[in-house]
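Data block below; observations after.
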Amino acid sequence: MNSLNQPIVYLKGVGDKKSEVLNTELDIFTINDLLNHYPYRYIDKSKFYRIEELHSHTNIYVQCKGKIISKQILGENKSKRLVCELTDNTGTISLVWFNNIKYFQTMIEIDKVYIVFGKPTLFNLQINMSHPEITLAEKSNIWNQIPFMPMYNSTDKCKKNGLDSRGIEKLCKTAIDNYINEIQETLPDYIREKLQLIDKQSAIKQIHFPNNAEEIKQATRRLKFEEIFFMQIFLLQIYNHNSKNRGYLIPKVGNLFNTFYHYHLPFPLTNAQKRVIKEIRGDFLTGKQMNRLLQGDVGSGKTITALLIMLLAIDNGFQCCLMAPTEILAQQHYNTIQKLLADMPIEVRLLTGSTKVSARKELLPHIAQGNVHILIGTHALCEDTVVFKKLGLAIIDEQHRFGVEQRAKLWKKSLIPPHVLVMTATPIPRTLAMTVYGDLDLSVIDELPVGRKPIKTIHFYKKDSIKINQFIRAEIAKGRQILVVYPLIEESEKLTLSNLIDGYEEFKQTFPEPTYHVSFVHGKMSAEEKDTEMLKFKQGEVHILLATTVIEVGIDVPNASVMVVVNAERFGLSQLHQLRGRVGRGGEQSYCVLITDYQLSNDARKRIEAMVNINNGFELADVDLRLRGPGDLSGTQQSGILHFKLLNIIEDERIIVTARELAKNILHDDPNLAQPQNALLNTQIEQLKTYKKNYYQIG
Ligand code: ADP
Ligand code: MG
């Protein structure tokens, strides 16, 4: 066994207790795991911040030098603390200790110059640093031993067991001193030479203990490349494998498609919609299975595009299914598509979790006999009892809520895997798409139907309720309808509801019957109740509809021209954008009104600003990624696909593109990585496969 794979307890300085904490808190089980626990940043110990600079450097670690001008003990009991003021020529900050007060009180001397190191925070407009490291300036030569001090992620429990950042640093030092020579190279020489990447041993050593900034840069570049490169090879191999899958030929453009296209299409298609249909038609002619992602901003018209593609498949004797993430959305697809196909000989049916047993019993044989042409539903479609006669095309709407496993399940419903189209309204920046959906082809509807006026987004504070109500009143007077969305309060469903009901009472008072009709829908209502209310709204009987986020995805009411989001600060950017997309579908000027508390966190303020200034979903997605980091993207996180230690999906676009291109070239020449120069690669990929098997359909 490679000694790097030894349990971490074998490392000098790690006893049973520390070993356990490393296991449970940091997922570090082996010496190798520890070496792969990279610092998340470095402190440049040669730099001193001026105190006046600290206002713009809160919450990061900094080092300052100054004179202590006062020290006193404040507060009682729990809030008892030692407060010392430190000053340089540019300002003064308070250093605060809640623990070991006695020690620091004796140790710190007034009028002496100290070097302090810690995280400044802003409190009551005053800069504080709590529990800084502090050393007399005259002794600081010890302090500066390493030019760049690595900072490691750690947890409270770690810290209690001597594994704060410094504790981990010590262990890493021991590990590197003793095991560095055991680390194996993972990249073939020819790749390292080509891209001028440093070797693995140096990279690991430098990422922990760099001697200068250049070493950090080189180590990071090498390790980042490795993170994305293997992933790309892996995804491309799946892609190549899948594109060898035999797929149904769907050659003919038949009667159904033509009739619908020429006589029933309610509006001309946009060029983007036409292009996408063409791309997919291309896939249908290859005899290979299609695996395609269709991206299109909210309101770009994915549904009708999907329908036309389904008609092509039905024309060629196939059945289709359309899977939506929620009951209400499946229902809506069903209604829309039924209505569009009203005069055509096509059997459209709905199957969801709430389909009654008796109805299900009636339905299933029809599916199995091939009488149902389009089956619409939720993940209920994946159940084993749902058997098709000849499923040719599976369309998945709003895929980010489905796991890739579900995609795979649908595949198995047919002798030859059906063509798969995944539709998403979450615009994904290019780099991200390349990374997460590297196994899919990509189509984009990058154009909204003509005549849409850009939605105006307005930000109000709660206290502006008079202005808000004036605005709503004016819109209703113009014949428009208003949607009001309340956030889901995760801690408590009860709170969510009572929020909504309180709002309902308020609205009813402000907008009294009989002039105004106010109603609401929420997740606790039965599907029928929801439908009744939605229908009333669609038909214009209700002026103001309050809802929890159940209406977030997909709901389509062209006459609704105002979307009011209450506590908008509680929503994520992409969710806000989705909500905004619910209006602006008619030809009228539409509005999105974001209501927030007066006090906003920095990030919340940035989100609201972005919403007010940016209408384009792709641009917003970029901002979103920047604000949140990719790990947070719904769906992608749980799948672990985006779990990179160093790589930053946005900033490292160049590395990602380089890695993808190189991976393509290598696989082009050596698809199975069988050539000797690629032996190292093959080993790495095999390891990756065992990790990720569950997330991908691997043949
Ligand atoms: P999404 O892409 O968000 O799923 P939908 O498919 O729900 O969008 O379409 C949004 C609205 O735009 C629907 O009311 C639909 O009928 C309408 N629509 C779709 N395509 C066009 C088009 N080419 N011209 C005009 N309206 C369109
Ligand atoms: Mg949709």
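The values are calculated or read from the model by the stated rules, or taken from the named source; none is laboratory data. Note that the structure is predicted; figures quoted are calculated from it, not measured. Don't worry about glycine lacking a Cβ; one is built from the backbone with ideal geometry, like all the others, and counts go over all protein chains shown.
Are there any pairs, at least 6 apart or on different chains, whose C-beta atoms fall under 6 Å, with the first in the range 300-318 and over 11 Å from Q273 (Cα atoms) and the second among the aromatic types (F, W, Y) and more than 15 Å from ligand 1 (Cβ to nearest atom), and if so, which?
So the pair list comes out as L311/F257; L312/F257; D315/F257.
Does G540 count as at positive phi and either over 29 Å from the mean Cα position of the chain (by Cα) or surrounded by fewer than 23 Cβ atoms within 10 Å (Cβ to Cβ) (or both)? Steps first, answer last, please.
Details: at positive phi: yes; either over 29 Å from the mean Cα position of the chain (by Cα) or surrounded by fewer than 23 Cβ atoms within 10 Å (Cβ to Cβ) (or both): yes.
When the stated conditions are applied, G540 passes them.
If you take the residues of the range 266-281 that are exposed (fewer than 14 other Cβ atoms within 10 Å of the Cβ) and touching a residue at least 40 places away in the same chain (Cβ under 8 Å), which of them is nearest to ligand 1 (Cβ to nearest atom)?
F267
From the list K278, K244, which one is farther than 19 Å from S414 by Cβ and of a type in the set (K, R)?
On the way: K244 fails: farther than 19 Å from S414 by Cβ.
Criteria check complete, one pass: K278.
Pull out all pairs, ordered by first then second residue, where Cβ-Cβ is under 7 Å, the residues are six or more apart or on different chains, the first lies in the range 378-400 and is outside any loop (DSSP other than H, G, I, E, B), and the second is basic (K, R) and more than 16 Å from ligand 1 (Cβ to nearest atom).
Going by the 7 Å Cβ cut-off, the qualifying pairs are C382/K409; L391/K413; I396/R407.
Quick one: which residue in I280, I304 is of a type outside the set (K, R) and more than 19 Å from Q332 (Cα to Cα)? Talk me through it step by step, then tell me what you get.
Working: I304 fails: more than 19 Å from Q332 (Cα to Cα).
The unique qualifying residue is I280.
So how many residues does the range 671-684 have that are within 21 Å of D439 (Cα to Cα) and either of a type in the set (D, E, K, R) or surrounded by 17 or more Cβ atoms within 10 Å (Cβ to Cβ) (or both)?
The number of residues fulfilling the criteria is 3.
Could you check N567 against (1) crowded, with 20+ Cβ neighbours inside 10 Å; (2) under 24 Å from the mean Cα position of the chain (by Cα); (3) under 20 Å from I501 (Cβ atoms) and say which number it fails?
(1)
Take the residues of the range 278-317 that are of a type outside the set (A, V, I, L, M), within 13 Å of ligand 2 (Cβ to nearest atom) and part of a helix (DSSP H, G or I): which is farthest from L573 (Cα to Cα)? Let's see the steps before the verdict.
So in the range 278-317, the residues of a type outside the set (A, V, I, L, M) come out as 278-279, 281-284, 286-289, 291-292, 295-297, 299-303, 305, 315-317.
Cutting the leftovers down to within 13 Å of ligand 2 (Cβ to nearest atom) gives us 295-297, 299-303, 305.
With the extra rule that they be part of a helix (DSSP H, G or I), the set shrinks to 302-303, 305.
On the way: K302: 21, T303: 23, T305: 26 Å.
Checked the range 278-317; the qualifying residue farthest from L573 (Cα to Cα) is T305.
So which of Y179, Y190 ends up being within 22 Å of N2 (Cβ to Cβ) and either in contact with a Leu (Cβ under 6 Å, 6 or more places away or on another chain) or not in a loop (DSSP other than H, G, I, E, B) (or both)?
Values: Y190 fails: within 22 Å of N2 (Cβ to Cβ).
The match here is Y179.
Is it the case that R275 is among the charged types (D, E, K, R) and assigned to a helix (DSSP H, G or I)?
Details: among the charged types (D, E, K, R): yes; assigned to a helix (DSSP H, G or I): yes.
The answer is yes for R275.
Hey, can you tell me all the residues within the range 582-600 that are crowded, with 24+ Cβ neighbours inside 10 Å and within 12 Å of ligand 1 (Cβ to nearest atom)?
R582, V583, G584
Every residue, every condition in (1) modelled with pLDDT under 85; (2) part of a loop (DSSP other than H, G, I, E, B); (3) under 23 Å from G584 (Cα atoms), yes or no:
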{"site": "H459", "(1), (2), (3)": "no, no, yes"}
{"site": "I466", "(1), (2), (3)": "no, no, no"}
{"site": "G479", "(1), (2), (3)": "no, yes, yes"}
{"site": "L488", "(1), (2), (3)": "yes, yes, no"}
{"site": "L495", "(1), (2), (3)": "yes, no, no"}
{"site": "G503", "(1), (2), (3)": "no, no, no"}
{"site": "S519", "(1), (2), (3)": "no, no, yes"}
{"site": "E528", "(1), (2), (3)": "yes, no, no"}
